[in-house]
Each structure stands twice: as structure tokens, then as C-alpha cells.
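K.L.:
Below: one structure in C-alpha cells.
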Amino acid sequence: GIVPQQSASELARLWIPVIGLLAERAGVPLRFATAPDIPTFERRLAAGAYDVAYMNPYHYSVFAQKPGYRAFAKEKGRLLRGIVVVRKDAPMRDMAELANQPIAFPAPAAFAATVLVRAEFERQKVPIRPVFVNSHESVYLNVSAGRFPAGGGIPRTFETMEPAVRDPLRVLWQTRAYTPHAFALHPRVPGATGQALRQALLGLGGDPRGRAVLDGLGFKGFDAAQDSDWDDVRALGIDTLAALLRD
């Protein structure tokens, strides 16, 4: 299960080559899956719908509790930041100039693109009107088209947008850095299967074929990860998805 930061067709284009090579090298059958939007993805994580999932840091801090997903890898050489994007021809030079404006966000619990960015608006005491548009891709499309003055995203999804959407935009501001998205296993996945997937994923950047599929994602590779790597996110005390743990 891949978090739907972009449209299903774009995610499939980027991730199916990675998943196919990972399945081949681990000797484990894998099938690409996502969800129509981030809240649906969150409900599916809560229900344990995915054996293997790529989820944002806040998702991991929640769904490691229930149903018990366990991280085994994270992106190499990158920490996660939220960004605020505006059009290049927009006059804004700081966050305060967005006061009382409608701002596009992917979903309420999108960690960097929504939670961190909204927290900064609150810290600066800048009132805004959040509007949720389902994905990072939709944020960039809407801001690029001038439907919203600004929106929240992350550097990786911004950098992988097609030039026609990305080029009219600029980054107005970015957050501090946090541990990036988690690759995690549902507890029902056998230990030997998990170990095979971990070894194959960590080795993807070690040869030209692996590097080619990673380049499509804009990744340098993957590092081994453990649950405590996301303690920086837990320390924020975010409770947006607390209801899903009670269900």
C-alpha cells in the first residue's frame, strides 16, 4: 500500500517498477495498491489492509500502535520537510501575507504537507482557511492554476511533478526536518518474508537496474529503520487520528 500523495496513475507509474524489482529479488509476490485519497488510506491502515505499506511519519506513529505495523526501512539521505508553494508571479514573500486566505492541503493528517505547515501558521498567529484537495498532486495543480494562493506539500512530490505544473510555482517557506516516510510490515507477515523484503529493498541502489527504478522516484536508496526512529514525530503529540485507534 502506497500513500496516495499523487494520483493512482502517477503512483503506479513511479512505484510499479520498484515493486516489481523488489518482488523479483526478494522472491516474494507483491502487488501495487493505494487508495483514492489519504483518509481512505488511513482507514485501510487501521484495518490492516496492507501487508507492506509506505506511510507518512505520523501515520507510522499511529498505526505502529494498532494494528502494529513495524518499520523496516526509510528513504536514504533525506529528512522530511513540509513546504508552502505559491505561484512565481505571486507577490507574497512571507507566511503572514497569506492571512485569511484559503490554503490547499492534501488531507488533515498528511504529516509534513498539512500538519507541520498548519502548525507553523498557528505558531505565527496567521489565520487561514484550510481546504483539503485529496493529494499533493492536487495541491500543486490547484495552486499552479491560480485556484488557491498557496498550498502545502513536500519537496519530493513537488520535484517529481511535471514541469508544466511545477515551473510556475516557487517554495515560499519550509518546515524543520523530521524522519521520513516508513516502509512497514503488518505483524501477520512472516519474519522470513520480512527479512527477504528488507534485504532486497536495502540493496536496490547497488546496481544500475536498481538505481534506474529509484531514479524514477527521486530516491537515492533505502536505509534500515527501527521503530524508535520516529520518536521525533511522537514527541509532537499529534492526535489527529486518535479516533481510528479507538474504533
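The values are calculated or read from the model by the stated rules, or taken from the named source; none is laboratory data. Small disclaimer: the values here were computed from a predicted structure and weren't measured. No Cβ is skipped: glycine too gets one built from the backbone with ideal geometry, and neighbour counts run over all protein chains shown. Heads up: the accessible areas ignore ligands, DNA and RNA and are worked out on the full protein's heavy atoms, side chains in. Shrake-Rupley method; radii C 1.70, N 1.55, O 1.52, S 1.80 Å.
K.L.:
Given the rule -39500 (n - 2.57) for each run of at least 4 DSSP H residues, summed and divided by the residues of the chain, what is its mean residue ellipticity at 222 nm, to the nearest 500 deg cm²/dmol? Please list the in-between numbers first.
P.N.:
Numbers: 11 runs with 91 residues, N = 247.
Here the helix-only value at 222 nm equals -10000 deg cm²/dmol.
K.L.:
Related question: Count the lysine pairs in the chain that are 8 or more places apart or on different chains: how many have C-alpha atoms under 28 angstrom apart?
P.N.:
Numbers: K66/K74; K66/K76; K74/K220; K76/K220; K88/K125.
So the count works out to 5.
K.L.:
If you don't mind, there's one more thing I want to ask. Considering the zone a paramagnetic label at T193 would reach in this model (a point 7 Å from Cα along the Cα-to-Cβ line), which residues of region 15-43 have amide N under 19 Å from it?
P.N.:
Within reach of a label on T193, which here means backbone N under 19 Å from a point 7 Å along Cα→Cβ, region 15-43 contributes 19-34.
K.L.:
What accessible area per residue, rounded to a whole number of Å², is obtained for the chain using a probe radius of 1.4 Å? Show your work: numbers first, answer last.
P.N.:
Values: 10620 Å² over 247 residues.
For the chain, the solvent-accessible area averages 43 Å² per residue.
K.L.:
Right, next: If you roll a 1.4 angstrom probe over the protein chains with everything in place, what fraction of the accessible area of region 2-68 belongs to carbon and sulfur, to the nearest %? Kindly include the intermediate steps, with their values, before the conclusion.
P.N.:
Values: 1370 of 2500 Å².
C and S atoms contribute 55 percent here.
K.L.:
How big is the Rg/Rh ratio for region 161-227, C-alpha atoms only, Rh by Kirkwood, two decimals? Write down the numbers at each step before the final one.
P.N.:
Working: Rg = 16.3 Å, Rh = 15.0 Å.
Answer for region 161-227: 1.09.
K.L.:
For A47 and R93, what is the calculated FRET efficiency with R₀ set at 45 Å and r taken between the beta-carbons, to the nearest 0.05?
P.N.:
Values: r = 44 Å, r/R0 = 0.99.
Efficiency, rounded to the nearest 0.05: 0.50.
K.L.:
If I stretch the segment between D227 and A242 completely, what's the gain in nm (0.36 nm per residue apart, minus their alpha carbon distance), one decimal?
P.N.:
Working: separation 15, 0.36 × 15 = 5.40 nm, distance 1.90 nm.
Roughly 3.5 nm would be gained on extension.
K.L.:
If you average 1/r across every pair of different Cα atoms in region 46-90 and take the reciprocal, what Kirkwood value do you get, in Å? Don't jump to the answer; show the numbers that get you there.
P.N.:
Numbers: mean 1/r = 0.0770 Å⁻¹.
That comes to 13.0 Å for region 46-90.
K.L.:
Relative contact order of the chain, please, whole-number percent, based on alpha carbon pairs below 8 angstrom and at least 6 residues apart.
P.N.:
On the way: 480 pairs, mean separation 74.4, N = 247.
That works out to 30 percent.
K.L.:
Would you please calculate the Kirkwood hydrodynamic radius of region 112-199 over all C-alpha pairs and express it in Å, rounded to one decimal?
P.N.:
Values: mean 1/r = 0.0647 Å⁻¹.
Computed over Cα pairs of region 112-199, the Kirkwood hydrodynamic radius comes out at 15.5 Å.
K.L.:
Give me the accessible area of F72, 1.4 Å probe, in Å² rounded to the nearest 10.
P.N.:
Accessible area, nearest 10 Å²: 10 Å².
K.L.:
Let me ask something else. Please report the equivalent ellipsoid semi-axes of region 133-245, computed as sqrt(5 x eigenvalue) of the Cα gyration tensor, largest first, in whole Å.
P.N.:
Ellipsoid semi-axes (Å, largest first): 30, 22, 13.
K.L.:
May I ask you to work out the translational diffusion coefficient for region 1-68 at 37 °C, viscosity 0.692 mPa s, via Stokes-Einstein with Rh from the Kirkwood sum over Cα pairs, reported in whole µm²/s?
P.N.:
Working: Rh = 12.5 Å.
In µm²/s, the coefficient rounds to 263.
K.L.:
Where in region 94-120 does the amide nitrogen come within less than 16 Å of the point 7 Å from the Cα of V131, taken along Cα to Cβ?
P.N.:
98-108
K.L.:
May I pose another question? Got a number for carbon plus sulfur as a percent of region 106-247's accessible area, 1.4 Å probe? Walk me through the numbers before you get to the answer.
P.N.:
Numbers: 3290 of 6440 Å².
For region 106-247, the apolar C and S fraction of the accessible surface comes to 51 percent.
K.L.:
Still on this model: Residue by residue through region 103-115, which ³J(HN,Hα) values in whole Hz follow from phi under the Karplus form 6.51 cos²θ - 1.76 cosθ + 1.60 (θ = phi - 60°), with glycine and proline marked x?
P.N.:
Whole-Hz 3J(HN,Hα) from phi for region 103-115: 10, 7, 9, x, 6, x, 9, 5, 4, 6, 5, 10, 4.
K.L.:
For the chain, list log₁₀ I(q)/I(0) at each q in 0.08, 0.12, 0.13, 0.14 Å⁻¹, using the Debye formula over Cα point scatterers of equal strength and ignoring solvent, two decimals each.
P.N.:
-0.30, -0.67, -0.79, -0.91
K.L.:
For region 179-204 and region 157-177, what is the centre-to-centre distance using only Cα atoms, to the nearest Å?
P.N.:
Centre-to-centre distance over Cα atoms comes out at 30 Å.
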